[in-house]
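Undergrad: Before anything else, here's the structure in question.
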Amino acid sequence: MENHINYDSLLILAILAFITPFIVAKLKKIKIPYQVGEIFIGILFGKSFLNLIKPDLWIIFLSDLGIAYLMFLSGLEIDFSDVHIKDKKDKSDSKLNLGLLMYILSFIVAALLSFTLKFIGIHKGTLFFTLLFTASAPGLIVPFLKQKHILTSNFGQTLLIYSLICEFICLIGLSFIASTSLYGLSYKNFLFLIVFGAAFLLYYVVKRFYSIENFSALAFKNLHLSVRGAFALILILVSISEKINTEIILGSFLAGIIFSLVVGKAKEEISHQLDTIGYGFLIPIFFIMVGVNLDLKTIFNNPSSLIKIPILLIMFFLVKLIPCLLLKKKFGQRNAIASSLILSAQLSLIIVGAQMALDLKFINEADYSAFILTTVISCILFPILFERIYKGDDSIKDSSIKEEKIIIREVIPTNDLYLGKTLEESKFPVGCRIFLIIRESQEIMPTANTVINSGDILVLAGRKDDVESTINLLTDHS
C-alpha cells in the first residue's frame with residue numbers, strides 16, 4: 001500500500017461511478033439496484049478479473065468515509081416524528097415496538113440456525129453467528145428504497161427502523177463478544193459506551209448552538225453550513241470510535257441521529273444538499289470497492305466452501321422471513337415476503353463480522369471467502385426478487401403526496417439565456433416563485449421588471465418539481 005495518491009485508480013473509480021448507472025439502466029429485463037451494479041463493476045475491474053484498481057491509503061480512506069457517510073444518512077432518514085406515533089388507520093404498536101418484536105423473532109430463528117452450523121464444519125462462536133445472522137444492511141436498503149420512492153412511506157420507515165435495530169444490536173453484540181474473546185471480561189468490553197456518551201453530549205451542545213445561532217442560507221449565503229456541520233459531527237464520532245477500537249459505522253450512525261433530531265423540520269431541505277455529496281461521490285466509491293476487494297479466485301480454489309454459499313443464503317432469508325410475517329396484516333402477504341427479501345440482502349456488517357470471525361478463529365479462510373461471496377450474491381439476488389414480488393401500497397401514495405409540499409432552494413444563475421432578462425421575460429414554471437434576490441450583499445424583493453444579473457443569488461420557493469425545473473433552466477449550458 002502506498003501513501004501517495006494513485007490518480008490512475010482514482011480516475012478509473014470516478015469514470016466507473018459515472019457510467020455504472022447508464023449500464024444498469026440498460027438492463028431492462030433484469031432490474032438490479034444501482035448499488036449492486038457498482039459492486040459488479042468493482043468485481044470486474046478489481047482483484048477477480050482485470051485488477052486495474054490498486055487500493056492505496058487514500059482510496060481506502062474514501063471508501064471508509066463512504067460507508068460512514070452512508071450510515072450517517074441512514075440515521076438521518078429516520079422519521080422521529082413518526083417513530084412513537086401509532087398509525088391512524090392501524091391502532092397496533094408503533095414502528096419502534098414492531099421493530100423490536102421483529103428483532104426478537106429474528107434472534108430466536110438465528111439462534112436455532114446457528115446450532116446447525118456444525119453440520120457444515122463451523123463448530124465455534126454460536127452466539128457470535130446468532131448475532132451476525134440477525135444483521136441487516138441499511139447501507140444498501142436506504143439507497144435502494146430511496147431510489148424506489150418507498151423510504152418515506154409507512155412500509156419503508158418500518159423496514160428502515162427494523163434494519164437499524166438489527167444493525168445496532170448486532171454491531172454492539174459482535175464488538176462485545178470479540179473484545180471478550182481477546183481480553184476476557186474487562187473494562188474494554190464497555191468502551192463503546194463512550195461513543196454513546198459523546199453522542200449524547202454532542203446532541204445537547206449542537207442543539208443549544210443551533211437554537212442561538214442563525215444558520216440560514218441567507219445569513220451565510222452559499223457557504224452550506226449544514227454540510228460542514230454534518231461532516232464535523234461524523235468525523236468527531238468516527239474519530240472517537242476509531243480511538244477506542246469500535247466500528248466507525250456506529251459513530252457515523254449516531255451522528256445521523258443527532259443531526260436529524262437537531263434540524264427537525266428543516267431536514268428535507270438539508271438532506272437535498274447532503275445526498276448530493278453522498279450519492280454523487282463518496283457512496284459509489286464504497287460500493288465499487290466492495291467488489292474490487294473480492295477475490296473470486298481464492299474462493300474457487302476451495303470448492304468445499306462453495307457448498308456453504310446456498311446454505312448461508314437460505315439462513316439469511318429464514319432469519320428475516322419469520323419476523324416479516326408480522327407485516328402481513330398491515331401491508332399484505334406479498335409485501336411481507338418482499339420485505340423479508342430486501343432485508344435478507346447483506347453488506348458491510350456481514351463482511352466486517354466475517355473478518356472478525358476469521359481473526360477470532362471461529363472460521364477458516366475458506367469459510368471467510370464463502371461468507372464474502374454469499375454477501376455479494378445476496379446483494380444481487382434478493383433485490384431482484386424483491387422487484388418481482390413487491391406490490392405498492394397506500395402508504396406509498398401518501399409518500400408521493402408529501403413530495404408536492406412547498407420547498408425552498410437557492411441558485412446562482414449561469415445560463416446566458418436568462419442573464420440580463422427580466423423575470424417577466426424569463427417565463428419560469430408557474431409553480432415556482434423567485435421571492436428574494438441577493439446581489440452584492442443586498443437583499444432585493446423582486447418585481448416582474450427585475451433583471452437577473454450575473455452573480456445574483458436567487459431564492460426560489462414552490463412545488464418541488466417546478467422549483468427543480470427552474471434550477472435546471474437557470475444552470476443549463478446546453
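Undergrad: Determine the share of the chain's accessible area contributed by carbon and sulfur atoms, expressed in whole percent, with a 1.4 angstrom probe.
TA: Accessible surface attributable to carbon and sulfur in the chain totals 64 percent.
Undergrad: Still on this structure, please answer the following. When the Kirkwood hydrodynamic radius is evaluated over all pairs of different C-alpha atoms of the stretch 405-475, what value in angstrom, to one decimal, is obtained?
TA: 11.9 Å
Undergrad: Kindly rank 280-290, 411-421 from highest to lowest mean number of other beta carbons found within 10 Å of each residue.
TA: 280-290, 411-421
Undergrad: Here is a follow-up. Over the stretch 7-398, what is the relative contact order in percent, taking alpha-carbon pairs closer than 8 angstrom and at least six residues apart?
TA: Relative contact order for the stretch 7-398 comes out at 28 percent.
Undergrad: Just one of (i) 0.97; (ii) 1.04; (iii) 1.17 is Cα Rg over 2.2 N^0.38 Å calculated from these coordinates, so which is it?
TA: Checking each listed value against the structure points to (ii).
Undergrad: Okay, next question. In whole Hz, with x marking every Gly and Pro, tabulate ³J(HN,Hα) for the stretch 176-192 from phi via Karplus 6.51 cos²θ - 1.76 cosθ + 1.60, θ = phi - 60°.
TA: Each residue's phi maps through the Karplus curve to give 5, 5, 5, 5, 5, 5, 7, 10, x, 7, 8, 5, 5, 5, 10, 5, 4 Hz.
Undergrad: Moving on to the next point. What distance in nm lies between label points placed 7 Å from Cα along the C-beta direction at Val227 and Leu27?
TA: 3.0 nm
Undergrad: Here's a follow-up. Could you tell me which GluC sites (Glu not before Pro) in the stretch 405-451 are loop residues by DSSP with no more than 16 other beta carbons within 10 angstrom of their beta carbon?
TA: Passing sites in the stretch 405-451 are Glu440.
Undergrad: Something else about it: Hey, can you find the accessible area per residue of the chain for me, probe 1.4 Å, expressed in square angstrom?
TA: On a per-residue basis, the chain sits at 48 Å².
The values are calculated or read from the model by the stated rules, or taken from the named source; none is laboratory data. Quick caveat: nothing in here was measured; it's all calculated off a predicted structure. All Cβ positions, even for glycine, are placed from backbone atoms using ideal geometry, and neighbour counts span all protein chains on display. Surface areas here come from the heavy atoms of the whole protein model, side chains and all, with no ligands, DNA or RNA. Shrake-Rupley method; radii C 1.70, N 1.55, O 1.52, S 1.80 Å.
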